[in-house]
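> To start, I am sharing the structure in question, which I have written as structure tokens.
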Amino acid sequence: MDEQKGHGIPDSLLKEVKELTRKFFALPYEEKIKIKMSPAKGYRGYQRIGENITKGVPDIHEAIDVGFTTHRCFQYPIISALHMLDQHTWLVCYKELKPGDYGDLGKTMEGCNQWPLDPPKFMDTMEDYINQCTNLSRKIMRGIALALGGSPYEFEGDRAGNAFWVTRIIGYPGKPCENGHDKPTNDVGWYRTNSILVLPLYFITGYIVIDLLSFLFMSSLSNKSSGPHTDYGLLTLVNQDDDITALQVRNHSGEWISAPPIPGAFVCNIGDMLKIYSNGLYESTLHQVINNSTKFRVSVAYFYETNFDTAVEPLDICKQKTGSAKKFERAVYGEHLVSKVLTNFV
Ligand SMILES: N=C(N)NCCCC[C@H](N)C(=O)O
Ligand SMILES: O=C(O)CCC(=O)C(=O)O
Ligand SMILES: [Fe+2]
């Protein structure tokens, strides 16, 4: 039996997900870019280092973003055909929503999840993992609902019965070694030290280089693997590398404190929607990532959110507890997500 911390997801699966992530990011750039994220793909897919931006500053990480599927997409016709033949029940069981279900607002996020073919089993393992995270998050939200003095089902039905989940599969380059003997495990060190060489090329290759240069300039301002931000939805389950402390959380006195990894356990963040529902009884905590180790760090963050079109406002039970006045205005989750996504990329 796998040893577990009590959340019910096998430790072996937590580890496997991180190992597959490490293998994917170790592939050559040409391979990774095959599943490039773009607006046309509903902001799903691979982002190179520096492509994700937090408060105007590029983050020093690469990632694959996947999310709630509005319809099942077949990227690889041959494989999918086989899949259909021997697993038609899987197809029937899959929740399908047609494009357009969330109107104009939903269009931004519509697209196929782009899964790599290499390493093998990546998609199957991640989908299994994501399903287990969804079930676990639903249970945690029942506990939170009870703790707030509500029924266990406060966050189901029209609120989060059709939870719009997002998963970010993330790789954070380590910093180059001081002694110069070991090769740095990332591209960023290379970009920085070679920017002088790149500069004259500006006049030759124009547009591509402008893109690269602006990235160089902006990332030279940043030592953040992920800048300070809050998560957007209800709850986040972070499955981080066991041996590197990089995630930091800001406490009430405004100090950054580390959230060191506990093997087999998740770090749970509260998101912006739960802050609103709970009228501030739960805060969406500011956090950031700084990878000061020389090792490449991986982390898989699963975001459990409300239904896409849910209008979120403080629950009556929470207003009573906090002295009746509502502290936050109503927000539509999909609008919040889309406004973030549209400013998150170069
Ligand atoms: N779906 C979620 N929560 N993603 C978290 C990413 C946070 C960083 C992003 N650049 C930002 O500035 O929000
Ligand atoms: O990598 C981590 O530990 C946290 C990642 C994170 O905060 C995010 O993706 O929102
Ligand atoms: Fe986060």
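> Hey, ASN307 hits all of (1) in contact with a Phe, Trp or Tyr (Cβ under 8 Å, 6 or more places away or on another chain); (2) more than 16 Å from ligand 1 (Cβ to nearest atom); (3) not charged (D, E, K, R) but one; which does it fall short on?
With respect to (1) in contact with a Phe, Trp or Tyr (Cβ under 8 Å, 6 or more places away or on another chain); (2) more than 16 Å from ligand 1 (Cβ to nearest atom); (3) not charged (D, E, K, R), ASN307 is out only on (2).
> Specify the residue that is surrounded by the fewest Cβ atoms within 10 Å (Cβ to Cβ); the eligible residues are those in the stretch 266-292 that are within 13 Å of ligand 2 (Cβ to nearest atom) and small (Gly, Ala, Ser).
Among residues in the stretch 266-292 that are within 13 Å of ligand 2 (Cβ to nearest atom) and small (Gly, Ala, Ser), the one surrounded by the fewest Cβ atoms within 10 Å (Cβ to Cβ) is SER284.
> Something else about it: When you look at VAL238, is it surrounded by fewer than 19 Cβ atoms within 10 Å (Cβ to Cβ), among the aliphatic types (A, V, I, L, M) and within 16 Å of ligand 3 (Cβ to nearest atom), yes or no?
On the way: surrounded by fewer than 19 Cβ atoms within 10 Å (Cβ to Cβ): no; among the aliphatic types (A, V, I, L, M): yes; within 16 Å of ligand 3 (Cβ to nearest atom): yes.
No; evaluated as a whole, the condition is false for this residue.
> Additional query: For the stretch 316-346, how many residues meet the condition of being β-branched (Val, Ile, Thr), surrounded by 14 or more Cβ atoms within 10 Å (Cβ to Cβ) and not in a helix (DSSP H, G or I)?
Here the count works out to 2.
> Still on this structure: Please list, ordered by first then second residue, the pairs with beta carbon atoms under 8 Å, 6 or more apart or interchain, first in the stretch 284-295 and small (Gly, Ala, Ser), second near ligand 3 (Cβ under 9 Å from one of its atoms) and part of a loop (DSSP other than H, G, I, E, B).
From residues that are small (Gly, Ala, Ser), the pairs are SER284/THR230.
> In the stretch 293-315, how many are closer than 19 Å to ALA145 by Cα, of a type in the set (A, V, I, L, M) and surrounded by 16 or more Cβ atoms within 10 Å (Cβ to Cβ)?
2
> What tally of residues in the stretch 2-57 results from selecting those that are charged (D, E, K, R) and either in a helix (DSSP H, G or I) or crowded, with 22+ Cβ neighbours inside 10 Å (or both)?
Looking only at that region, the number is 13.
> Another question, then. Could you check, for the stretch 273-280, whether at least one of its residues is touching a residue at least 12 places away in the same chain (Cβ under 8 Å) and within 12 Å of ligand 3 (Cβ to nearest atom)?
no
Values quoted throughout were computed directly from the atomic coordinates according to the rules given, and no laboratory measurement underlies them. Note that the structure is predicted; figures quoted are calculated from it, not measured. Backbone-built Cβ (ideal geometry, glycine too); neighbour counts: all protein chains shown.
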